[in-house]
1. How large is the dipole of the chain about the Cα centre if only Lys and Arg carry +1 and Asp and Glu carry -1, each at its Cβ, rounded to the nearest 20 debye?
2. Would you tally the net charge around residue 275, using a Cβ to Cβ cut-off of less than 11 Å, leaving residue 275 out, and scoring K and R as +1, D and E as -1?
3. Among DSSP beta bridges lying fully in the chain, give the percent that are antiparallel, nearest 5.
4. Between residue 274 and residue 156, 0.36 nm times their residue separation minus their Cα-Cα distance comes to what?
5. For a quick check: with amide H placed at 1.01 Å from N, whose amide H comes under 5 Å from residue 145's, ignoring anything fewer than 5 positions away on the same chain?
6. Spin-label point model (7 Å from Cα, Cβ direction): what's the residue 128 to residue 312 distance in nm?
7. So between residue 135 and residue 200, what do we pick up on full extension, going 0.36 nm a residue minus the alpha carbon distance?
8. Considering the values [x] 65, 59, 41; [y] 69, 47, 35; [z] 74, 59, 51, which represents Cα extents along the principal axes in Å as calculated for the structure under consideration?
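Every number here is computed from the coordinates shown, using simple stated rules; none is lab data. The shown structure was predicted, so the numbers you read here are calculated from the model rather than taken from an experiment. Every residue, glycine as well, gets a Cβ built from its backbone with ideal geometry; the counts of neighbours run over all protein chains shown.
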Amino acid sequence: MRFVPLNRPDRSLNLAPASVEDYRELARRKLPRQIFDYIDGGAFAETSMKANRDDLRRIQLRQRVLRDVSVRNLSTTVLGQEIALPLILAPVGFAGMFAKRAEVQAARAAQRAGVPFCESTLSICSIEEVAKAVKSPPWFQLYVMKDRSYAEELMVRAAAAGCTTLILTVDLAVVGQRYRDVRNGISGTPVKFSGLRRGLDIARHPRWVRDVALGGKPLTFGNLEQFLPLAKVPADFQGWIASQFDPSVTWDEIAWLRSHWKGKIALKGILDVDDAREAVSRGADAVIVSNHGGRQLDDVPSTISALPEIVKAVGDACDVLMDGGVRSGLDVVKALSLGAKACLVGRPWAFAAAARGETGVDDIFHIMREEMMVTLGLTGITDVKDLDSSVLINP
């Protein structure tokens, strides 16, 4: 058997996927480039996206020995909800373009794993379609649009579907400058120029055309169908987002949100300690330390580097979650050791769904569960709720 370095996937695909990085490689091969780059890419030079991962890797763990770790527990509680793993499937817009009805497939896998799935406002599948496919109600992620009635109606629909937790994404006042999307014609390129290139890219991926473009219809934004004509995925995707989302949203909107939503509220996109304190003072039940996966403002701190101070500031008043750069169970343990209650993962489930559908998402949970179990065992910890900075050499 040919040797493959542990930090690089087997590009021959002769071996079974063993990591999230392996699933990334499978997704890269299966998807049209424009769609893969939409998942994989970040803003500007992608410095913060890279820092999310590099800073996690720099954290070292203390290996402890001769402790009874025969029984280990990964379950915890987030926003009053018991979950089997300290993981949440993050909201991923456009996901139904990666795999046939991807949001439904991911929600079913999350239900089997005993963790929450969060539906995006910009999902291809509607919140009703996802909720109908599972017994455990999904969470719902909200973008506030210029016409507040859109958001109000979405909250009514999410509540009717059984959702108990609302995630408000707060770091998209304007859309980040994503060079890969511009190069691929998803954003900022005249349709006449980009159409041929994009068409040829799609034609080179007949399996995706068969399984998703044809088999995954309707390819519309299912949560927006009653608001926008046909709710079709537009040619200038990022430009359309910029035209619909409201850059005038302020902290005062949290009171408006609370008046329309009776469940739990988490604010996603918090990187600054003062913003975390403001979120709590405005009534947020949780803050999600996130830089949008490095897809918005570049050259901002990595999420793992911003996490400790935010936990110190508000961790006693609300749940603190983390999003960004998490690609393994090892990363999850590090984040929990620095105070996160759980981690949201977006790209990992998107890669897995693109590569192997629901089976792939199931496998991602299996992989990350085993990675967490191994990491706990070799650090001498038996329960994720006992993780703290004493597990780390260089917190």
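1. The calculated dipole for the chain is roughly 1460 debye.
2. On the way: positive: 277, 282; negative: 171, 272, 274, 278.
Net of charged neighbours comes to -2.
3. On the way: 6 of 31 bridges.
Given both bridge residues lie in the chain, the antiparallel proportion sits at roughly 20 percent.
4. Working it through step by step, the gained length comes to 39.4 nm.
5. 151
6. 4.9
7. Fully extending the segment from residue 135 to residue 200 adds 19.3 nm.
8. The value computed from this structure is option [x].
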